[in-house]
Amino acid sequence: MHRSGFVNIIGRPNAGKSTLMNALVGERMSIITAKPQTTRHRIIGLLSGEDFQIVFSDTPGVIKDPAYKMQEAMNRFVDSTFEDADMMLFVVGADEEYEDDDPIVQQLSNSKAPVYLILNKIDLSDQATIIKQIETWQNRLNLAGIFPIAALHKQGTDGLLKTVIENLPEGPAYYPKDQLTDRPERFFVSEIIREKILENYHQEIPYSVEVGVESFKETKTKKGDDLIRIRAEIYVMRPTQKSIIIGKGGSSIKQLGTDARKALETFLETKVFLDLHVKVRDNWRDDDQWLKRFGY
Ligand SMILES: Nc1nc2c(ncn2[C@@H]2O[C@H](COP(=O)(O)OP(=O)(O)OP(=O)(O)O)[C@@H](O)[C@H]2O)c(=O)[nH]1
Ligand SMILES: [Mg+2]
């Protein structure tokens, strides 16, 4: 018998959803940073075996009061996962607190697919808190299972994976078995650059930025080694943000370029030449056409 299904990972920003998906898939798929709202799209990670295929979806953290259209789009990606889920993995930080009437709780209580509570970051918590969380969530939701884990340390993730596979419905492989994701390489290139922007800049900058890969060319160095030339645009919302990205005498963008190039070389396993440009797109986060172009 062959099993397959959509296993959708949801939760608040920063709960550890992307860390969990990467741990389960065993690949560095979604970008991870310490800043909330790192993930902005629904990203598929595939894990296949001889007799199973799991289609994981990593999603943006649910935003309670969206302040601009991009955040509304991020929430819509989460809503879409309720439509096709065979299993919901609801990730909650061990020290995170929810109110009984939180919209996510409401949504999950109406879920057609079974809901598993993933209590993450137990390495940062204590036994009493974990036990209390389990009791609280058992009263709040009709749960198919509860897994206290530390995704970052792959603690408890093997047991979770075993349960996921055992509870997949019977079904065919939806994707070729050697495929890892539904996204093209360019998407991951732009995400890696955005990850470095999240790491290198502060306050509103990470949330005002989008990255577009304008060109991606496989060439050779003079010596004949493989080289990938990437030209990417960094879109900001205002001219002041452009000067922050560039920094005094170009120092900040130079550092960004170096950090991003190194990460891209690791990801692509070749030498990379990275050319970054900054452009202002007035208030793109609230502009339907720009959002569409950026895939929201
Ligand atoms: N100590 C500890 N940190 C963790 C664990 N899992 C994730 N983290 C950290 O928590 C932060 C957020 O992790 P992400 O995986 O990006 O969280 P996310 O839920 O995908 O966040 P968004 O994409 O913003 O919604 C990162 O700094 C992770 O390293 C864990 O089990 N233990
Ligand atoms: Mg994420």
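Any read-out appearing in this document is the output of simple, stated calculations on the displayed coordinates, not a laboratory observation. All values reported here derive from a predicted model rather than from experimental measurement. For neighbour counting, all protein chains shown are included, and Cβ atoms are generated from backbone atoms with ideal geometry for every residue, glycine included.
Numbers at a glance
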read-out	value
Highest to lowest packing among 103-111, 1-9, 18-26, scored as the average C-beta count within 10 Å	18-26, 1-9, 103-111
Net lengthening on full extension, V105/K222 (0.36 nm per residue, minus Cα-Cα)	36.3 nm
Estimated translational D of region 225-293 in µm²/s (Stokes, Kirkwood radius over Cα pairs; 4 °C; 1.567 mPa s)	97 µm²/s
Alpha-carbon centroids, region 262-285 and region 132-197: separation in whole Å	27 Å
Amide H contacts of V272 (H built 1.01 Å from N, under 5 Å, at least 5 apart or other chain)	I228
Folded to 0 to 90 degrees: helix 185-200 orientation relative to the chain principal axis, Cα	90 degrees
Using alpha-carbon coordinates, inclination of helix 157-167 to the longest axis of the chain, degrees	60 degrees
Restricting region 101-179 to GluC sites (Glu not before Pro) in coil, as DSSP defines it, with at most 12 other Cβ within 10 Å	none
Neighbour-count ranking [beta-carbon atoms within 10 angstrom, fewest first] of L124, L161	L124, L161
In region 193-245, trypsin sites (Lys or Arg not before Pro) in a DSSP loop with at most 14 other beta-carbon atoms within 10 Å	K222, K223
Calculated [θ] (222 nm, deg cm²/dmol) that DSSP helices of n ≥ 4 give over the chain, each run adding -39,500 (n - 2.57)	-11000 deg cm²/dmol
Neighbour net charge for E191 - beta-carbon separation under 12 angstrom, K R +1, D E -1	+2
Long-range tail of P(r) for region 3-167 (Cα pairs > 20 Å, %)	47 percent
Globularity index of region 1-82, i.e. its alpha-carbon radius of gyration over 2.2 N^0.38 Å	1.14
Cα-based convex hull volume of the chain per residue, rounded to whole Å³	145 Å³
Ordering of 149-155, 95-101, 275-281 by burial proxy (mean other Cβ atoms within 10 Å per residue, highest first)	149-155, 275-281, 95-101
In Hz, Karplus ³J(HN,Hα) per residue of region 32-47 (6.51, -1.76, 1.60; θ = phi - 60°; x = Gly, Pro)	10, 9, 6, 8, x, 6, 6, 7, 10, 10, 8, 10, 8, x, 9, 10
Per DSSP, loop trypsin sites (Lys or Arg not before Pro) in region 20-120 with at most 12 further Cβ within 10 Å	K64, K112
Length released on extending from E265 to Q138, taking residue separation times 0.36 nm less the Cα-Cα span	41.2 nm
Rh by Kirkwood over Cα pairs, then Stokes-Einstein D for region 181-287 at 1.567 mPa s and 4 °C, µm²/s	91 µm²/s
Per-selection Kirkwood Rh - region 190-231 (Cα, Å, 1 d.p.)	12.1 Å
